[in-house]
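To start, the structure itself, in structure tokens.
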Amino acid sequence: MILEASTIPNGTVLRADVCVVGGGPAGIALTLTLASRGLSVLLLESGRFAADKQTQALYNGEVTDERLHSPPDKYRYRRFGGSSAIWGGRCMPFDPIDFEVRRHVPFSGWPLAYDDLLPYYPAANALAEAGQFSYGAAQALGPDAAPLIRGFESDRVSTEGLERFSCPTHFGQRYAHRLQSAASVQLVLGANCTALQLHNDAQSIRALQVSTLQGTRFSVVPRATVLATGGLETARLLLASRDISPEGVGNQHDVVGRYYMCHIAGNVGSLTISRTLRQVRHGYERSPEGIYCRRRLQVTASEQQRLGLANAVARLHFARITDPSHQSGVLSGLFLARKLISYEYSKRLNDGDATAATYARHLLNIATDPLDTAAFLGHWLTQRTLAERKFPSVILHNRTNRFSLEVHSEQLPQVASRVMLNDQCDALGMPMLRVDWRYSQADIDSVRGTLDVMAEEFEASGVAKFDYQREELEHDLLRFGAYGGHHLGTARMGCDPRTSVVNADCQVHSVRNLFVAGSAVFPTSSQANPTLTLLALSLRLADTLASRLSGLATLHLSTQALSEPRHRTAAIP
Ligand SMILES: Cc1cc2nc3c(=O)[nH]c(=O)nc-3n(C[C@H](O)[C@H](O)[C@H](O)COP(=O)(O)OP(=O)(O)OC[C@H]3O[C@@H](n4cnc5c(N)ncnc54)[C@H](O)[C@@H]3O)c2cc1C
């Protein structure tokens, strides 16, 4: 059943086996799995099917330096489906090395191993509609798949790995019907959890306070609570719940909100490949099941360990869109149309003040490249706008075999990088967030080391040459600040409560019936985008909860009020 929160009478107490707070990918995956295991689940979601400004404004807050990090109401969506309403759909698992203790990565080492998560990845992949769980080119594309660059062979840099793309699946739209028809699920839309209330001994959750923007207030008394509110909001809820513990829930050691990581990313250098265009796999390939896949370069795990490098990947990319010297009408068209593109996807097109001469050169590119521009528009319309499985991003045929490298690197965790509460409140009276994201010189040095290995290996192979301006690297990587949309580590997983918030079961150390689903629990960030792994962790958490609560399931949501006809059920649009 799907309910509208503002129609639930003030003072109502709702009960369920599990209350999941947040209906993004993590919360939806968890709810569906728990329901299939016979548990009653109340899924509280702040947003509704459509975006609305008042609800989105609940994500307002401040950042210490807007050049380094976007405001907290950007790069996350407070609506049913969460940020999957806008995500790019790039999927890949973490690597085994990400889970290990690495001497060169401070605070590294997960309390679980890659093999503990592996059984959950295929189902996570299926939920994201990314096809089979196979992330090697030979396995995914077949043994005859052409190499990334013909003639490039290296023991130190692998080109075998690939990423797969979701539709991209909007989890709210995709799974609404399944949630509605699951007998033991109540999805309540427009329901904002504003506080977690602890029992006096501070060891378990007593109730959750819920408010709507229409002024309704009610509470939830579940047997277990899971926060699936995203990497920033989870920390906010824990910190803002101060009735029993003034420092916030699970925050005895001042860890909640700290170790905040994003990814370090940017376009760097110039790679010239001495091969014909057909001998380079630059764009997307389709697997036999029709999934878009893309190759990438990665320094091998043993070389990372030997050289003390963080985990990172690089993809072949075209020249900077903002620089008209690329002579591409399509790229210039994108640059000129950037004001029509959402903040999240146009941020990297706003590179300094473009002069009148720059605009003129972009216009000239369009005028002198009409065929390519028209062909691109036709392709985009049919393969992206109108297609169910969308072509993932702008990729152009490269006429020159000159590329840049698009780097996506793990960020090293550090205590000082953090999110905290500020002294302003949102419309529901909850303190807003202040984001103080920091990076370190070690982050930049690690990317430099990675690029140096790649440059050496290209040189040694004789098929390519890679140059970049070493002194410009920090500027290139931080030109647009932290990579947006990946909010990691604010309730990190570990064995020691002095340096972590949850244990290997995603349970808040000090609170036996409180759990976290999502990228907040990542103790380290990997090279990989986060969603596939947070889905796998959510499925694993569902198993944990099912075995802890099984046999005692409250098969029906026990709430008198819910059976009253006054409640309006929300229709799926
Ligand atoms: C532009 C962009 C592109 C991206 N591209 C990729 C990509 O290609 N690959 C990838 O892996 N990841 C990508 N991401 C990241 C991806 O979207 C997130 O990892 C994913 O959405 C996280 O899922 P989640 O369920 O943990 O959190 P969210 O998606 O943030 O969902 C949290 C949910 O909780 C709700 N909520 C929040 N607070 C409350 C409250 N107090 N009470 C009730 N409900 C609440 C919200 O409304 C929301 O529905 C991208 C993100 C952005 C912004």
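Tell me, what is the FRET efficiency for residue 377 and residue 397 to the nearest 0.05, using R0 = 22 angstrom and their Cβ-Cβ distance as r? Intermediate values should be presented prior to the final figure.
Values: r = 15 Å, r/R0 = 0.66.
Here the calculated transfer efficiency is 0.90.
Length gain on complete extension for the stretch residue 442 to residue 368, per 0.36 nm per residue less the alpha carbon to alpha carbon distance? Each step should come with its number before you reach the end.
Working: separation 74, 0.36 × 74 = 26.64 nm, distance 4.42 nm.
Length gained between residue 442 and residue 368: 22.2 nm.
What is the distance, in nm, between label points placed 7 Å from the Cα along the Cα-to-Cβ direction at residue 276 and at residue 206?
In this crude spin-label approximation the distance works out to 7.6 nm.
What 222 nm value per residue comes from the helices of the chain, counting each DSSP H run with n ≥ 4 as -39,500 (n - 2.57) and dividing by all residues, nearest 500 deg cm²/dmol? Could you put the intermediate results ahead of the total?
On the way: 15 runs with 139 residues, N = 573.
After summing the helix terms and dividing by the residues of the chain, the value is -7000 deg cm²/dmol.
Between residue 50 and residue 100, what is the label-to-label distance in nm when each label sits 7 Å out along the Cα-to-Cβ direction?
Between residue 50 and residue 100, the simple spin-label model gives 5.2 nm.
In the range 259-294, whose amide N lies under 19 Å from the spot 7 Å out along Cα-to-Cβ of residue 327? List them in ranges.
270-278, by backbone N distance to the label point.
Determine the shape class of the range 75-204: with a ≥ b ≥ c the square roots of the Cα gyration tensor eigenvalues, call it rounded for a/c under 1.5, and otherwise prolate if a/b is greater than b/c, oblate otherwise.
Values: a/c = 2.57, a/b = 1.50, b/c = 1.71.
Since a/c reaches 1.5 but b/c is at least a/b, the shape of the range 75-204 is classed as oblate.
Evaluate Rg over Rh across the range 229-384, taking Cα atoms for both radii and Kirkwood's formula for Rh.
Details: Rg = 22.4 Å, Rh = 20.4 Å.
We get a ratio of 1.10 for the range 229-384.
Could you give the dipole magnitude of the range 440-495 about its Cα centre, charging the beta-carbon of Lys and Arg +1 and that of Asp and Glu -1, in debye to the nearest 20?
Numbers: 5 positive and 11 negative charges, 72 e Å.
So the magnitude is around 340 debye.
Please get the size of the charge dipole for the chain, origin at its Cα centre, with Cβ charges of +1 on Lys and Arg and -1 on Asp and Glu, quoted in debye to the nearest 20.
Working: 57 positive and 54 negative charges, 254 e Å.
My answer is approximately 1220 debye.
Taking the Cα centre of the range 462-530 as the origin, how large is its charge dipole in debye, to the nearest 20, when only Lys and Arg (+1) and Asp and Glu (-1) carry charge on their Cβ atoms? If you can, show how the numbers build up before the last one.
Details: 6 positive and 7 negative charges, 60 e Å.
Rounded to the nearest 20 debye, it is 280 debye.
Given 0.36 nm per residue, what is the gain on full extension from residue 360 to residue 144 after removing their alpha carbon distance, in nm? Before the final figure, lay out the partial values.
Working: separation 216, 0.36 × 216 = 77.76 nm, distance 4.56 nm.
Extra length available between residue 360 and residue 144 comes to 73.2 nm.
Loop-only check: which chymotrypsin sites (Phe, Trp or Tyr not before Pro) in the range 360-407 are DSSP coil with at most 15 other Cβ within 10 angstrom? Each step should come with its number before you reach the end.
Values: sites: 376, 380, 403; in loops: none.
Here no loop site has a sparse enough neighbourhood.
Quick check on the chain: of the DSSP beta bridges with both residues there, what percent are antiparallel, nearest 5%? Could the numbers behind the result be given before it?
Numbers: 49 of 76 bridges.
Here the share of antiparallel DSSP bridges comes out near 65 percent.
Suppose the chain between residue 173 and residue 132 were pulled fully straight at 0.36 nm per residue; how much longer would it get relative to their current alpha carbon spacing?
Roughly 12.6 nm would be gained on extension.
What FRET efficiency comes out for residue 65 versus residue 197 if R0 is 22 angstrom and r is the Cβ-Cβ distance? Round to the nearest 0.05.
Numbers: r = 35 Å, r/R0 = 1.59.
E between residue 65 and residue 197, to the nearest 0.05, is 0.05.
Expressed as an acute angle from 0 to 90° and rounded to the nearest 10, what is the orientation of the C-alpha long axis of helix 531-549 relative to the principal long axis of the chain?
The answer is roughly 30 degrees.
What is the chain by shape, rounded, prolate or oblate, if you read a ≥ b ≥ c off the alpha carbon gyration tensor as root eigenvalues and call it rounded for a/c under 1.5, prolate for a/b larger than b/c, and oblate otherwise?
Details: a/c = 1.79, a/b = 1.61, b/c = 1.11.
Prolate.
Counting only C-alpha contacts under 8 Å and six or more residues apart, can you give the relative contact order of the chain as a whole percent? Write down the numbers at each step before the final one.
Values: 1313 pairs, mean separation 156.3, N = 573.
Relative contact order comes out at 27 percent.
If packing is taken as the mean number of other Cβ atoms within 10 Å per residue, what is the order of 485-493, 288-296, 343-351, 406-414, highest first? Intermediate values should be presented prior to the final figure.
On the way: 485-493: 26.3, 288-296: 18.4, 343-351: 16.0, 406-414: 23.8.
Final packing ranking: 485-493, 406-414, 288-296, 343-351.
How far apart, in nm, are the 7 Å Cα→Cβ label points at residue 415 and residue 286?
5.3 nm
Read-outs: derived from the displayed coordinates by stated rules, not from any lab. In this text, all values refer to a predicted model and were calculated from it rather than measured experimentally. Here the Cβ is made from the backbone with ideal geometry for all residues, glycine too, and neighbour counts use every protein chain on show.
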